[in-house]
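One structure is given below, encoded as structure tokens.
The values are calculated or read from the model by the stated rules, or taken from the named source; none is laboratory data. Note that the structure is predicted; figures quoted are calculated from it, not measured. Methodologically, a virtual Cβ is constructed for each residue, glycine included, from the backbone with ideal geometry; neighbour enumeration extends over all protein chains shown. Just the protein is used for accessible areas: all its heavy atoms, side chains included, with ligands, DNA and RNA removed. Shrake-Rupley method; radii C 1.70, N 1.55, O 1.52, S 1.80 Å.
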Amino acid sequence: DQLLGQGGKLRYLRDVRNRPMWVASDGYEPHVDGEPVRLTIDLAIQRYLEERLQEAVDDCNAGGGRAIVIDPQSGEILALSDIINKREGWPGQPEDPLREKHERLGRNRCVTDPYEPGSTFKPFVWAVATESGAADALEVLPTPAATPYRTSTGRRIRDVHYYGPVTWRRVLVKSLNSGMAIVAERISEEAMQGCVERFGFGQRTGCGIAGETAGLVTPSKSWSSYTQVSVSMGHEIAVTPLQMVRGFAAFARDGSLPSLCLVSEDESTLIRQQAISADMAREVREILEEVMTDGTGRKSQSEQYRLFGKSGTAQLPKSEGGGYHQDRYISSFIAGAPFDTPEVVVLCVIDDPDRSLGAWYGGRVAGPVTRDVIDFSLEYMGVPSDKLPQDASLSDRRTN
């Protein structure tokens, strides 16, 4: 409607054979052009994103890949890509029969297909739990040193590595499931459900892309102690990539969520949702920078920009019969940069990487894609490097 404008009119006198004879001076009204529409997609970033994502999918023989680049300040979607790699003999992998007929008929899985975010969901729970007073960043939690942690209901919670008692801040840096479970049991079910809602999960973003879904969230009547702990680790909840970049953008801003858009809009008309305070957003951002230097993001550090990010490696749900595959995963990595004035947030999701090739963790298969796309985007946008000399310590960076 915006492009169409208004049609013109032509009134003329005709003879009995319907042949025009003449047009009166007031019988012609010209067409009024429609208003221009400018998409937010940047062709250079889009092209690079598609090429880099395809390379990653090929390298790890994945079932597919999804990636999104947004401007967290304006909410503009700068690029998004969705790849399906059809593999023979792999049950339960991504499928889109209509796409095989014509790519225009296929669905955009960045907005339609939810996935379990795994550990990339932990920063949201960490922020809300800390802001509510359930835990202090420097509080030492009784996380196990060698064996799985047992919840109050007897559920065994495993960590990839065991460190013994660590601070609540360290729980996020090292992505400890046990620490998340400990604090999850301190907060109410209503508070955890509120966390999900505050960051926009379970809700469509309203960005205007056709077919967008709201993701999957366990309803209140079915919420259990098992759900409470699972959600704190990014399980038993499914989000779309679009929802994930919008939620993560809160850490790149003042704690509010941007209104995502595919068509440039007047920023004064955009609606923003406050998820956490600006101080909490900054604190989480500082911890997520430490994830890049001393956590699961070490293999994905940029040489030019101070990234803040988080990896996720969630088990792939079985397409039939319920439960999860024990050796198949959804690997993801989300990050933003530059640190002080973030201009991009990038998410990469790798669907079912081939574990036999030796790499399946989010920090290894998705992290490098996110880093490379951030580097390219910021360089292309003319954003100067904010990386300090290599001999500068993390504490020096924070001081500066």
Notebook entry, point to check: Given the chain, what count of lysine pairs have C-alpha atoms under 30 Å apart, with each pair 8 or more places apart or on different chains?
Noted result: 21
Note to self: Just to be sure I understand the curve: with the Debye formula and one point per C-alpha of the range 14-101, what is log10 I(q)/I(0) at q = 0.16, 0.17, 0.19, 0.23 Å⁻¹?
What the structure shows: -0.82, -0.89, -1.00, -1.13
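Please report, in cubic angstrom per residue, the volume enclosed by the convex hull of the alpha-carbon atoms of the range 147-274.
Hull volume normalised by residue count: 128 Å³.
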Check: Taking the radius of gyration and the Kirkwood hydrodynamic radius from Cα positions alone, what is the Rg/Rh ratio for the range 295-368, to two decimal places?
Finding: 1.08
Note to self: Which three numbers, in whole Å and largest first, are the semi-axes of the equivalent ellipsoid of the range 56-200 derived from its Cα gyration tensor as √(5λ)?
What the structure shows: 36, 20, 14
Item checked: Cα convex hull of the range 348-388 - mean projected area over all directions, nm² -> 3.8
Margin query: Under 8 Å for C-alpha pairs, at least 6 residues apart: give me the relative contact order for the chain, rounded to a whole percent.
Written below: 18
Check: So how much accessible area does residue 263 have, in Å² to the nearest 10, using a 1.4 Å probe?
Finding: 50
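May I have the convex hull volume per residue, in Å³, for the Cα set of the range 200-281?
Values: hull volume 9.3 nm³, N = 82.
Taking the convex hull of the Cα positions in the range 200-281, it is 113 Å³ per residue.
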Notebook entry, point to check: Over the alpha carbons of the range 264-329, what is the largest minus smallest coordinate on each principal axis, giving the biggest first in Å?
Noted result: 48, 34, 25
Notebook entry, point to check: Probe 1.4 Å, all protein chains in place: accessible area of residue 86 in Å², nearest 10?
Noted result: 140
Item checked: the range 237-365 - convex hull of the alpha-carbon atoms, volume per residue in Å³ -> 144
Checklist line | Estimated inter-spin distance, residue 31 and residue 318, nm [label 7 Å along Cα→Cβ] | finding: 5.9
Notebook entry, point to check: What are the extents of the Cα atoms of the chain along their three principal axes, listed from largest to smallest and rounded to whole Å?
Noted result: 97, 52, 43
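By accessible area of protein heavy atoms, probe 1.4 Å, what ranking do 230, 259 get, highest first?
259, 230
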Check: Pulled fully out, how much extra length does the chain show between residue 11 and residue 162, if you take 0.36 nm times their separation in residues and subtract their Cα-Cα distance?
Finding: 46.1 nm
Check: Cα centroids of the range 39-54 and the range 94-124: how far apart, whole angstrom?
Finding: 17
Next item on the list: Please give the per residue accessible area of the chain, computed with a probe of 1.4 Å over protein heavy atoms only, in Å².
Entry: 47
